[in-house]
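Colleague: First the structure, which I've put down as structure tokens, then a few questions once you've had a look.
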Amino acid sequence: MKEEVKINITEKESQRQLRFIEHLRDYYTEKSEELQRPLTCHIATFGCQMNARDSEKILGTLEQIGFKEVDTEEADFVIYNTCTVRENANLKVYGRLGHLSQLKKKNPHMLIALCGCMMQEDAVVDKIKKSYRFVDIIFGTHNIFKLAELIQARLDSKDMIIDIWKDATEIVEDLPSERKYKFKAGVNIMFGCNNFCTYCIVPYVRGRERSRNPEDIIKEIKDLVADGVVEIMLLGQNVNSYGKNLEEPMTFAGLLREIEKIDGLERVRFMTSHPKDLSDDLIDAMKDSKKICTHLHLPVQSGSSRILKIMNRHYTKEQYLNLVDRIKNAIPNISLTTDIIVGFPGETEEDFLETLDVIRKVRYESAFTFVYSKRTGTPAANMEEQVDDEVVKDRFNRLLKEVKIISSELTGRETGTVQKVLVEGINEQDSELVTGRLSNNLLVHFKGSTELIGRIVNVKLVECKGFYYIGEMVEAQ
């Protein structure tokens, strides 16, 4: 670009970025007219729901600039929002970058950007600088709000732009976002993590915990409800520690009680909950709520107190089971799900049997089960006593079998009852059916049309098919 954009650095950050967006919109409007076609963008999202929410913010910025989203990488702006929880996620990104280089040769207007957790690793950025020189913009997890400014810098300089922050204290509000669904939305309540589990890279790439002001969260949710949202998912690496770093501290339970008061909001979900920070006050808030869904994701990771200590999880098997008992006593119809790692360094058969014991006692609705894999940069990667692959494979299969047996016993328990279902879309296999979600997060398929999408309706659960129900819509009682 010939004209350098002058932005007042003393302005409120959101206003600065909106001015970059405005200037880029003028530029890309001219470019679109020159090419006689709309300019397109494609976002590939890897990883967790935090990343998915970040991608909505990225898309909001790109659409404000003038890009139209497409579902192909043959686009004018392609961005990979990366995950680095497991090293094979990094390899997947490198593999796809090779394909992008060929697409860029065909389209001289194409810009390629990489962001997210993977970009917070020095070794990754060094590799991209050396081996993938065609990448235009690299930024991390802390400065997604700067996307428009970074695009401007790339157009001005013609060189690769790298802007990685090691941490952040500021949370920038009031920037564009484009939701995937009109009727439900994710809402960040905090960023970062202070827990440092020995197998996890997240604290190193997402930074320390930073909570948003409750006023900003409430305002965002009210705006979403006014725009047709009936269900929100509160997002944070550990929502249970929300509010500790605020000038006027507020607990997560206190925040939920304020959210409960919002007229028009029908459902509230949240994740992820760390067991060590789940208070009795939070249990009471869930029990008393008419809006909080009857589903709680409560990662246990291992059933062995010895392994949990090495993992730096800050609770024992007994404390976890006691917490589950308190939750179930307060909310008898709660649906519990979890994360479990098999084959953590030093795990013995006795340790694994402790995990099976927890599964049988808690009786999870479902579980995300993972084989431990070394993650460079974490303490666990350097631990001795790495478990033999064949042993891990055997344990993983036994664990999976146990989870499936219990899950199949639980999922049919509401057959014959009438439940409220949020309709999310037309069924992918049968266009005469719609698919919706129960409060406990299970799916239901029943006859319906597109006009039901986004509505909460009463459905009789006629038949359980393992991990979902077949139902019939009924009139309100």
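Colleague: Is any residue of the stretch 384-400 close enough, with backbone N under 18 Å, to a label point placed 7 angstrom from the Cα of Arg363 along the Cα-Cβ axis, and if so, which?
Modeller: Zone members listed by number: none at all.
Colleague: Another question about this same structure. Share of Cα-Cα pairs in the stretch 376-448 beyond 16 Å, in percent?
Modeller: In whole percent, the share of Cα-Cα pairs in the stretch 376-448 beyond 16 Å is 69.
Colleague: To continue, here is another question. Chymotrypsin sites (Phe, Trp or Tyr not before Pro) within the stretch 144-240: which are DSSP loop residues with at most 16 other Cβ atoms inside 10 Å?
Modeller: Here the sparse-neighbourhood loop sites are Trp165, Tyr181, Phe196.
Colleague: Taking R0 as 45 Å, what FRET efficiency do you get between Asn382 and Asn441 from their Cβ-Cβ distance, rounded to the nearest 0.05?
Modeller: Working: r = 37 Å, r/R0 = 0.82.
That pair, Asn382 with Asn441, gives E of 0.75.
Colleague: Let me ask something else. Near Met271, within a Cβ-to-Cβ distance under 13 Å, what is the net charge of the other residues, with Lys and Arg +1 and Asp and Glu -1?
Modeller: Values: positive: Arg53, Arg269; negative: Asp339.
Surrounding charge for Met271 is +1.
Colleague: Here's a follow-up. Name the residue from Ile217, Ile307, Ile171 whose Cα lies farthest towards the positive end of the charge dipole of the chain, charges +1 on Cβ of Lys and Arg and -1 on Cβ of Asp and Glu.
Modeller: Comparing the listed Cα positions along the dipole, Ile307 ranks first.
Colleague: Note down the nm distance, to one decimal, between modelled labels 7 Å out along Cα→Cβ at Glu215 and at Tyr94.
Modeller: Each label point lies 7 Å from its Cα, and together they span 4.8 nm.
Colleague: Would you kindly state how much longer the chain becomes between Asp263 and Glu428 on full extension, computed as 0.36 nm times their sequence separation minus their alpha carbon distance, in nm to one decimal?
Modeller: Going from the current span to full extension adds 56.1 nm.
Colleague: Ranked by Cβ crowding within 10 angstrom, fewest neighbours first, how are Tyr468, Tyr315 ordered?
Modeller: Exposure proxy ranking, most exposed first: Tyr468, Tyr315.
Colleague: Another one. Taking 0.36 nm per residue of separation and subtracting the Cα-Cα distance, what length does fully extending Lys12 through Lys222 add? Each step should come with its number before you reach the end.
Modeller: Details: separation 210, 0.36 × 210 = 75.60 nm, distance 2.28 nm.
That works out to 73.3 nm of additional length.
Colleague: If you don't mind, another one. Within the stretch 405-439, list the residues whose amide N lies under 14 Å from a label point set 7 Å along Cα→Cβ of Ser449.
Modeller: Residues passing the 14 Å test: 432-434.
Colleague: Can you give me the angle between helix 389-411 and the longest principal axis of the chain, using Cα atoms only, in degrees from 0 to 90, rounded to the nearest 10?
Modeller: Between the helix axis and the principal axis of the chain, the angle is about 70 degrees.
Colleague: Unpartnered cysteines of the chain (Cβ-Cβ under 4.7 Å counts as a partner)?
Modeller: Cys with no partner Cβ under 4.7 Å: Cys41, Cys48, Cys83, Cys115, Cys117, Cys193, Cys293, Cys464.
Colleague: Local charge sum around Val362 (other residues, Cβ-Cβ under 14 Å, Lys/Arg +1, Asp/Glu -1)?
Modeller: Its environment carries a net charge of -2.
Colleague: Continuing with the same structure: What longest region of the chain stays clear of GluC sites (Glu not before Pro) that DSSP places outside H, G, I, E and B and that have at most 13 other Cβ atoms within 10 Å?
Modeller: Free of exposed loop sites, the longest segment is 248-383.
Colleague: Give me Ile334, Ile218 ranked fewest to most by other Cβ atoms within 10 Å of their Cβ, as a rough exposure proxy. List each step's numbers first, then the result.
Modeller: Details: Ile334 20, Ile218 16.
The most exposed by this proxy come first: Ile218, Ile334.
Colleague: Continuing with this model, one more query. Can I get the semi-axes of the chain's equivalent ellipsoid? Compute them from the C-alpha gyration tensor as square roots of 5 times the eigenvalues, in angstrom, largest first.
Modeller: 38, 29, 23
Colleague: Taking 41 Å as R0, compute the FRET efficiency from the Cβ-Cβ separation of Thr29 and Leu246 and round it to 0.05.
Modeller: 0.50
Colleague: So, one more: Would you work out the charge dipole size for the chain about its Cα centre, treating the Cβ of every Lys and Arg as +1 and the Cβ of every Asp and Glu as -1, and quote it to the nearest 20 debye? Before the final figure, lay out the partial values.
Modeller: Numbers: 67 positive and 76 negative charges, 90 e Å.
Roughly 440 debye for the chain.
Colleague: Quick one: Met110, Met383, Met118, fewest Cβ neighbours within 10 Å first, how do they rank?
Modeller: By the 10 Å Cβ count, ascending: Met383, Met110, Met118.
Colleague: Which trypsin sites (Lys or Arg not before Pro) from the stretch 426-477 combine a DSSP loop assignment with at most 13 other Cβ atoms within 10 Å?
Modeller: Qualifying residues, ordered by number: Lys465.
Coordinate-derived values only; no laboratory data. Quantities reported herein were computed from a predicted structural model and do not represent experimental measurements. Every residue, glycine among them, receives a Cβ derived from its backbone with ideal geometry; neighbour counts consider all protein chains shown.
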